[in-house]
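Please treat every number below as a calculation from the coordinates, not as lab data. These numbers come from a predicted model, not from an experiment. Methodologically, a virtual Cβ is constructed for each residue, glycine included, from the backbone with ideal geometry; neighbour enumeration extends over all protein chains shown.
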Amino acid sequence: MNARRLLVLIGLCVVCVPGSSALAAYPGAVGRIVFVSDRAGSSTWDIYSAAPDGTDVQRLTMWAGAMQEPVWSPDGSRIAYASSLEGRFRVFVMNQDGSSQHLVSPAAAGSTVDDRQPAWSPDGTKIAFASTRPFGASWHVWVMNADGTNLRMLPGDLSQHPAWSPDGSQIAGDAGGSAVFVINADGTNERRLATAPPLYNDESPDWSPDGTTLVFSQSSWDGTSSALRTVATDGTAEQQLLTGGAADSSPSFSPDGTRVVFVRRTTSGAYQLFTVGAGGGDATQLLSSSRSDLQPNWGNVTSSPPPPDAPEVQIFSPTGSGLYFLGMPSTFVFYTCSSQISLVISCTGSQPVGATLDTSTAGLHRFSVTATDIAGRQRTVTVIYTVLDFTPPTLTLTTPSDGASYELGDSVMVDFACSDGAGGSGIQYCNATQPNATPLDTSRPGTFTFQAFALDQAFNGTTKTVTYRVVDSLPPSINIKTPADGASYSLGDHLTINYSCDAASGVQSCTGTAPSGTDLDTTQTGSYSFRVSATDAAGNTTTATTTYNIVDRTPPSIEITTPPTGAVYTQGDTVAADYSCADQPGGSGLLSCSGDLAAGTQIDTSTVGSHTFTVTATDNANNTTTKSSTYRVVYRFSGFAQPVATFPTANPVKAGEPIPLKFSLHGNRGNDILATSSTTWKPCDSTAGTATTATGSLSYNASLDRYTYLATTAKAWAGTCADLTIALRDGTTHQARFSFGK
């Protein structure tokens, strides 16, 4: 700041307030605004903070001397500022509630050195500031660590109101008001962004949170007017932000970049805080005071700090470093509240003084004490203490139980539970050889160990181990499929023996009356038993027996020797019946064998035609069968008598005259010996011609025992040859050949 501008401010503000703060508005919540004010009296400039809507104004400092240019740390936990407590201005840092005020400026060689206008780096590790180091002469921008170490000066024209870019790579500022400059944080590449017109100063730049824009104030040398302007960080698009104020200065962006807080000199001559949109528009008064509010800086802290000089609270028991055990009975609460400037009217803790400290539950506990003085100022102090848990958890192992025996293959569910008891630190780990509620492994016999583990949140552990046995006390199982119990099989059936054995521990032997897979003996009828014995790997034995029957279901066989089927006998022949019956080998035996006639008896040959002879056989199992044979009885035909020659010799006859055919059947067989319409004529040696029915008459001569068939002929047959076929009722046919003459 040049001397002319400083003198004007001194004249207007009565007290020496040599410049406005400059900083970057780091992105974040729209929080409280920190500023300086002489509200408490014209000779006292202290630091205050207010909510972003102008309410909840809190005084943070109450010290003699001037407090100037407060600026929030990026995380909102601290405030850097300039103070004349040391005689000359130096940079101090305090907590956001005004506590822990301490000097961070390095020692200076000259008594005329001033350190002003602090600005935090975005990571909170460095502070840039304007200073007349090293000998109290011209102003320059210096950079130091936040604890005052590693001090260095930036070269170039930039000398006042440093403001760190949000990304930490650049620092903006002004050259004693003549122009706005930007320089790399390492001191390289200084460049001018804005130059004030003649008789004007450009000063107090502040970065937008997105790092694209700078807002600054431009004021006349005589201090009668000033305005806010913005410029892009590449030096373009410079423009005035708003008009209408007699003197607007000290701009600071909100953390969200939407508004700018600034100082405006009102018509009353006092300086008040206003806000305006980042793109311009109408200004809105933020605070109203009968005195002046200056040097605002917008931060991201949203909570209200406790007022300075609130009562002090000391908590002696519990402490954060104390050792407290679960259920400890002999630890008592003790704390005090005091104030050097006021009367404490209330001192209230989570438990009253003298009470037994709550150690009923393990873990972290919060103990708070709130003190209130007669002016209504309060302070709350909180101690976090830990109740330690040295009691191991409880482990209940129900299944498997120690010494228990379980049958091989049994369905047994694992059952265990872990508990840390009331107030314990809680179970952290609870497991076992097998997970809870899963089937216990009983797949093989033997002696086994099962172990369960429990661990609480305080790392107290419990282990429980049990031994159990898996035994095979059940005998093997035997499955006899063939021969099945109670089954009946037919004599001579082809059956394959089929049985198997099974055991949980494994089959050692499985032996039957005969090996499985071989043929079952079905050669004799009767009732039989089949036995299988099995032994498992655990030595358990068992036997299974089935009873079955071999029965005769096959009927006897019948052999008819005489008459055989298809036999032909001559009427009157003497033929003796001959047949036999037999039961199968090993069968029940033949009970009966009877035919239509007893064996050796003459069968019926008295009548011509088809005859049936039947034999029935039954065995002792009542299996019955019947067999029949069919035979035929024919006439005893002795051939045609002379003069008819034996076929195929042709007999010459005169056409038109009847032909007598004489033959004997050895007895009078009646006049119906001829088959109906079966006596025919057919040309000799004809293979394709159609036979014609012969006509004639039949007679019988008893004295000669001779039949005569007188066949009728026609004169028209002269010169032909024809075969005459006589068909008898017994199914036989007899032929004679004739050649016809005139």
- [ ] Based on the mean of other Cβ atoms within 10 Å per residue, sort peptides 128-141, 319-332 so the most packed one is first.
- [x] 128-141, 319-332
- [ ] Once you have the Cα-Cα distance between PHE316 and ALA576, take 0.36 nm times their residue separation minus that, and quote the gain in nm to one decimal.
- [x] 79.4 nm
Task: Nearest-ten-degree value, helix 3-13 long axis tilted from longest Cα axis of the chain - done: 90 degrees
TODO: Net charge near ARG379: determine it from the other residues with C-beta under 14 Å of the C-beta of ARG379, scoring Lys and Arg +1 and Asp and Glu -1.
DONE: -3
TODO: Rounded to whole Å and sorted largest first, list the principal axis extents of the Cα atoms in segment 3-267.
DONE: 43, 43, 38
TODO: First obtain the Kirkwood hydrodynamic radius of segment 641-742 from its Cα pairs, then insert it into the Stokes-Einstein equation at 37 °C and 0.692 mPa s, and state the resulting D in µm² per second as a whole number.
DONE: 234 µm²/s
Task: Cut-off 14 Å between beta-carbons: net charge of the residues surrounding ALA694, Lys and Arg +1, Asp and Glu -1 - done: +1
Open item on the list: Relative contact order for the chain: what percent, with Cα pairs under 8 Å and sequence separation of 6 or more?
Closed with: 6 percent
TODO: Kindly provide the helix-only [θ] at 222 nm of the chain, computed as the sum of -39,500 (n - 2.57) over DSSP H runs of four or more divided by all residues, to the nearest 500 deg cm²/dmol?
DONE: -500 deg cm²/dmol
Task: Relative exposure of ASP174, ASP157, judged by other C-beta atoms within 10 Å (fewest first) - done: ASP157, ASP174
Task: Spin-label model distance (nm) - SER111 vs SER628, 7 Å beyond Cα toward Cβ - done: 16.2 nm
Task: Value of Rg to Rh for segment 312-388 (Rh from inverse mean 1/r over Cα pairs, i.e. Kirkwood) - done: 1.03
Task: Spin-label model distance (nm) - ALA714 vs ASP672, 7 Å beyond Cα toward Cβ - done: 3.1 nm
Task: Average projected area [Cα convex hull, the chain], square nanometres - done: 81.2 nm²
- [ ] For each of SER405, SER105, SER165, count neighbouring Cβ atoms within 10 Å of the residue's Cβ, then give the residues from fewest to most.
- [x] SER405, SER165, SER105
Task: FRET efficiency, THR380 to LEU323 (Cβ-Cβ, R0 30 Å, nearest 0.05) - done: 0.75
- [ ] Of the options THR465, MET413, ILE427, report the single residue whose Cα projects farthest towards the positive end of the charge dipole of segment 394-471 (beta-carbon charges: Lys, Arg +1; Asp, Glu -1).
- [x] THR465
TODO: Kindly put ILE47, ILE478 in sequence by how many other C-beta atoms sit within 10 Å of each C-beta, fewest to most.
DONE: ILE478, ILE47
TODO: Quote the FRET efficiency, to the nearest 0.05, computed for ILE345 versus SER77 with a Förster distance R0 of 25 Å and r equal to the Cβ-Cβ distance.
DONE: 0.25
Open item on the list: Once R0 is set to 41 Å, what does the formula 1/(1 + (r/R0)^6) return for the Cβ-Cβ distance between THR195 and SER303, expressed as a FRET efficiency to the nearest 0.05?
Closed with: 0.45
- [ ] Compute the Kirkwood hydrodynamic radius of segment 394-471, taking the inverse of the mean of 1/r over all pairs of distinct Cα atoms, and give it in Å to one decimal.
- [x] 13.0 Å
- [ ] Could you tell me the distance between the Cα centroids of segment 153-195 and segment 431-463, to the nearest Å?
- [x] 70 Å
